[in-house]
Structures are given as C-alpha cells and as structure tokens.
Amino acid sequence: MTAIRHHIPDDLLMGYAAGALPQAFDLVVATHVSLSDDARARLAGFEEVGGAVLSELEECEIGEDSLEQTLAKIAGMAPTPKMKPSNGVFPKPLREIVGGDEDAVKWKSLGMGAKQAVLCSEDGVTARLLYIPAGQAMPQHGHNGMEMTLVLKGAFRDEDGVYARGDIEVANQEVDHQPVAEPGEDCICLIATDAKLRFQGLLPRIAQPFIGI
Ligand code: ZN
C-alpha cells in the first residue's frame with residue numbers, strides 16, 4: 001500500500017459516513033478510502049459514533065414492536081466488507097462505475113495530450129477522470145466551489161506540494177493553483193467539483209463551455 005501524505009479532512013469523511021455527500025464526491029471518497037488505511041480507520045470510528053447516535057434515538061421511541069424492529073435491523077446489517085487491494089490502477093468503487101480499469105475509460109481529448117472522461121453529473125456536481133501527460137501543466141485556475149482531486153496514477157505538483165497515488169487534495173474558493181504532472185509517468189486523477197472553475201488564461205476560458213469544466 002502506498003504511503004499517503006495528503007489525507008481527507010474529517011468533515012468530508014463524516015459526510016460520507018452519514019450518506020450526505022452528492023454522488024460525485026461520494027465516489028471520490030469511496031475510492032480514496034479503498035486506497036487509504038488511515039481513512040478507513042477514521043471512517044470506522046465515525047460509523048461507530050453514527051451507530052451509537054442512531055441507537056440512542058431509537059431508545060426514545062418505544063413502540064410495541066420496537067425490539068423486534070431493532071433486532072430485524074441488526075440481522076439485516078451486513079458486516080463491513082474487507083477491502084482487498086486490487087491489482088489494477090482503479091480501486092473497486094471506481095472500477096464499478098467505469099466498467100473496468102484504465103483501458104475501459106472512454107476518454108475525450110482536451111488537447112495537448114490531456115484527456116477527460118465525465119463519470120457522473122447531477123445538479124452541477126460532476127465527477128470526472130483527468131489524464132495529464134507526464135510533465136504537462138494544467139491551466140492556472142481558481143474555484144467557485146469545492147474541488148476534490150484524488151491521484152490514481154503518476155503524480156502532480158502544485159503550490160501546495162506533490163500529490164501521488166492515494167493522495168487527496170481539497171480546494172475551495174480560496175485556492176488558486178496550477179497542477180503540473182510530475183515528469184516520468186502520465187498522471188490520472190479522479191476529480192469531483194460542484195461549481196465551474198475560474199480560469200485566468202484566455203484560451204482555457206474560451207474552451208471552458210466546450211469541455212464543461
Ligand atoms: Zn483546482
């Protein structure tokens with residue numbers, strides 16, 4: 001397992017545990033969790049707390065068949081599946097959405113060798129795969145909302161450091177950055193956004209409506 005240096009913040013893990021995240025962010029967190037022992041351990045903690053809160057709530061409303069209902073609920077609970085490390089580039093949650101590994105992605109060219117594939121998009125919340133050739137820079141940009149980037153292959157560097165497989169970067173309105181793929185290996189990232197990006201350069205601004213970022 002890779003040593004992960006950039007971890008997911010607690011509030012996002014809690015949102016995931018509570019099932020409160022939109023599908024696109026849910027996918028990124030699930031994929032990150034399957035790569036990170038640290039995230040998995042913290043998530044288990046939040047799920048335990050969530051379960052305790054739930055059982056306290058249930059104690060308050062004692063109906064005639066509440067014991068039976070609770071027992072039925074417990075019987076229906078599936079044990080947390082042990083996640084096996086997969087051999088491919090894509091962890092299981094992502095492979096299920098893509099329908100395979102890296103070679104099953106239906107890429108669309110963004111020019112200069114960069115490619116993207118939109119995986120899901122609902123109410124302006126979008127998950128996409130981004131492919132950046134080794135050594136190539138993405139356009140400098142700011143954010144109108146939240147952008148969650150998980151590295152699956154290769155690595156990229158921005159103003160905040162180097163991000164490699166399993167690392168997650170959460171950017172918001174205050175972050176302005178220019179991700180550059182590290183030399184040596186092409187970089188593949190899974191990215192979720194809930195708002196359009198803000199580009200400084202004219203060319204990416206012109207291309208924005210066509211590529212939907
Ligand atoms: Zn960004």
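Please rank ILE206, ILE188, ILE8, fewest neighbouring Cβ atoms within 10 Å first, as an exposure proxy. If you can, show how the numbers build up before the last one.
On the way: ILE206 10, ILE188 21, ILE8 24.
Ascending number of Cβ neighbours within 10 Å: ILE206, ILE188, ILE8.
Arrange VAL29, VAL53, VAL162 by Cβ neighbour counts within 10 Å, fewest through most, would you?
Details: VAL29 23, VAL53 11, VAL162 14.
With the fewest neighbours first, VAL29, VAL53, VAL162 line up as VAL53, VAL162, VAL29.
Values in this text are rule-based calculations from the coordinates and carry no lab data. On a predicted model such as this, the values are computed, not experimentally measured, just so you know. We place every Cβ from the backbone using ideal geometry, glycine too, and count neighbours over all the protein chains shown.
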